[in-house]
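Accompanying notes for the structure given below.
The values are calculated or read from the model by the stated rules, or taken from the named source; none is laboratory data. All values derive from a computational prediction rather than experimental measurement. FYI the Cβ positions are ideal-geometry reconstructions off the backbone, even for glycines, and counts take in every protein chain you see. For accessibility, only protein heavy atoms count, side chains too; no ligands or nucleic acids. Shrake-Rupley method; radii C 1.70, N 1.55, O 1.52, S 1.80 Å.
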Amino acid sequence: MQKIIGKEKSLSDLLSNKKYTIHYYQREYRWGKKQIEELIDDLTGEFYEFYESGNSRDMVEQYGHYFLGSIVFSSGENQAAIIDGQQRLTSLTLLLIYLNNLQRGKSEKVAIDHLIFSDRHGIRSFNINVDEREACLNALYTDKASDFTVTNAPESVKTIFERYQDITEIFPDDLRDKALPFFIDWLIYNVDLVEISAYTEQDAHKIFVSMNDRGLSLTPTEMLKGFLLSEIKSDKSRVDANEIWKKQILELTEIDTKEDDDFFKNWLRAQYANSIRETKKGAVNEDFDIIGTTFHKWVRENAKKIGLVESTDYERFVMSFLPKYAAIYKLLKKYSLEFNTDYECVFYNAERNFTLQYQVILSAIDPADTDEIVRQKIQIVSRYIDQYNARRSFNFKTLGYNAVKNAMFVVSKKIRRKTAEELRNILIKELEEMDFDLEGIDEFYLNQFTIKNVRHVLARITYYLEKGSGRDTEFTNYVDREVENPYDIEHIWADHYERFTNQFETEKEFKDARNRFGDLLILPQDKNRSFNDATYSEKLPMYFGENLLAKSLNEKCYQNNPHFLRFIENEKLDFKAIDDFTKESIQSRQQLYKSICLKIWDTKLLEK
């Protein structure tokens, strides 16, 4: 092996008009939402250490630095091949694209285009240069994500598209405005990586192996087990506790290889964490944050605070509490993937990628609760979270982890081990005291940040309408993105301004109206595409062959359809056929959708 060169470089140095490629035999881009959450949480948490409102931009140079690991690549004539680090570099590129889009229309901008792509002879090529990713990245960069489809796309492309949607949800609200240029400056100049360059690809792979394949460290779960079992005095009890532990961990890791760690973080935060780090300069990690990184150490240092004093306390913790809470966690994970009418809101919350629901639900559970009480509590808390998510979504508030973790931590403490009746009262009050309500539906519309939420809400409305009308319907059919022909958002108006000049003075006014909630449906992707340029009069008969929400535009829907007519009459829903879809029709339809949403997300449902 020739001499290895390692250099510390800022993100700006690493990506500025540089070209990297990823060879075909490398693994796919596979980061999940969890990894994106951790990346953004780490970056924004470190930024908050230094940023203060009122700083001038030049002060960012004095902010501290953050080390993000190493990148291994082999040198090439025109571009370097990434051997280790493509997950981070791809994710950082997606974050830069998002930040660049977030700057649109703002007077103070940071130039970061050159970190995303280079332009030669009028041809744009992205700095992580992989042909199959080009179309997806271009759609994201040009802020046209709603026009891009991932059906039949390669795994990496699907994952890239999904993680970008996650970033739009996760990125903190308070960094989207005045603090935005400060954060971008800090990110590109003060976040450092070590660039390890080898002359040959073979050498680069040797470096990768030596860095990643030496030794096998104990996991936090294994270290926690060692501590807890060591405090049990009876040999027989220790053996029994070990068998219970192994069984629970085996079942958790059958869900996912790291599910055991996630379970302990959620359980310990839910039942025992009493503090969380403040979002201000100089703040220190508290219970919530430490549990998220080294929960085994936190338990050891806080054993007495959580009731672990005598040997019998440790026995009860492992042999009674652990299996009870693990069983509930496994049930929640199951019904986050499988729609079940008893736990439908667990599925709805998971479909929105609201991972904090496991912590909040577990916080309400008392070790003495019966199975029936546990069922009631899951229903109450999961429905509260569904209503909380709806209120935030309709008011253009992100559901991202960083944006809501503090609020969910506070709620978790308030409902910890409460009775079902106490839960209802506390959570109804929480909803009533939120800063925003469902009146936000009046202004709800589709943009690059709301795509996922709009699709979710349209699916909920469609499912509610069909189920109430006695149809054989499945909510999962409308939201499953893995099927061959998934449902997409359909604009009732085609994107042809020239057809509507009698109603709008400018194309922007037309596009704004076209993206309003009342102009939207969901249709199977093939139908959505085939209807793309059709006029409303051409679409109307075709809508009659689709779901009930689309059908309701056609007058035939109101003929020989007694279950539908009875349902809308009982629910006092102002459905009517629309022959000519105008600007006024969009407003009328928006109010109809609002009346349905007020029923789906009625606070009184928590009382049932």
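Give me the extension gain from Glu52 to Asn477: residue separation times 0.36 nm, minus the current Cα-Cα distance, reported in nm with one decimal.
Additional length available on full extension: 148.3 nm.
Taking a probe of 1.4 Å, how large is the accessible area per residue of the chain, in Å²? Don't skip to the answer; put the middle values down first.
Working: 27800 Å² over 608 residues.
Per-residue accessible area for the chain comes out at 46 Å².
Suppose R0 equals 30 Å. What FRET efficiency, 1/(1 + (r/R0)^6) with r the Cβ-Cβ distance, do Asn485 and Lys334 give to the nearest 0.05? Write down the numbers at each step before the final one.
Values: r = 27 Å, r/R0 = 0.88.
That pair, Asn485 with Lys334, gives E of 0.70.
Sequence-distant or interchain residues sharing an amide H contact under 5 Å with Val191, placed H: which?
Close amide H contacts, sequence-distant or interchain: Leu11, Tyr66.
Go ahead and run the numbers for FRET between Thr149 and Asn570, Cβ-Cβ distance against an R0 of 41 Å, rounding to 0.05.
Numbers: r = 38 Å, r/R0 = 0.93.
The pair Thr149/Asn570 has a calculated efficiency of 0.60.
Under a crude label model (7 Å from the Cα following the beta-carbon direction), how far is Ile451 from Ser125 in nanometres?
2.6 nm
Given (1) 179; (2) 229; (3) 220, which label gives volume of the Cα convex hull per residue in Å³ as computed from the coordinates?
Checked against the structure: label (1).
Going through the cross-link list Lys551/Lys583; Lys246/Lys334; Lys33/Lys397; Lys265/Lys377; Lys178/Lys511, which pairs have a Cα-Cα distance over 22 Å in this structure?
Pairs exceeding 22 Å: Lys178/Lys511.
Which length gain, in nm to one decimal place, applies between Val309 and Asn285 when the Cα-Cα distance is subtracted from 0.36 nm times their residue separation?
Computed gain between Val309 and Asn285 is 6.1 nm.
If Lys and Arg each add +1 and Asp and Glu each add -1, what is the summed charge of the other residues whose beta carbon sits under 15 Å from the beta carbon of Gln591?
So the environment of Gln591 carries a net charge of 0.
Mind giving me the nanometre distance, one decimal, between the label points for Lys467 and Glu498, set 7 Å out from Cα along Cα→Cβ?
Placing both labels 7 Å along Cα→Cβ, they lie 4.5 nm apart.
What does the extension gain come out to for Asp173 and Glu301, with contour length at 0.36 nm per residue minus their alpha carbon separation?
Difference between extended and current length: 42.7 nm.
How would the range 65-109 be classified by its alpha-carbon gyration tensor: rounded, prolate or oblate, with rounded meaning a/c under 1.5 and the a/b versus b/c comparison settling the rest?
Prolate is the answer for the range 65-109, as a/c is 1.5 or above and a/b outweighs b/c.
Rounded to a whole number, what % of the accessible area of the chain do carbon and sulfur atoms account for, probe 1.4 Å?
Taking all protein chains in place, the chain shows 47 percent carbon and sulfur surface.
Rounded, prolate or oblate: which fits the range 221-323 when a ≥ b ≥ c are the square roots of the eigenvalues of the alpha-carbon gyration tensor, with rounded for a/c under 1.5 and prolate only if a/b beats b/c?
oblate
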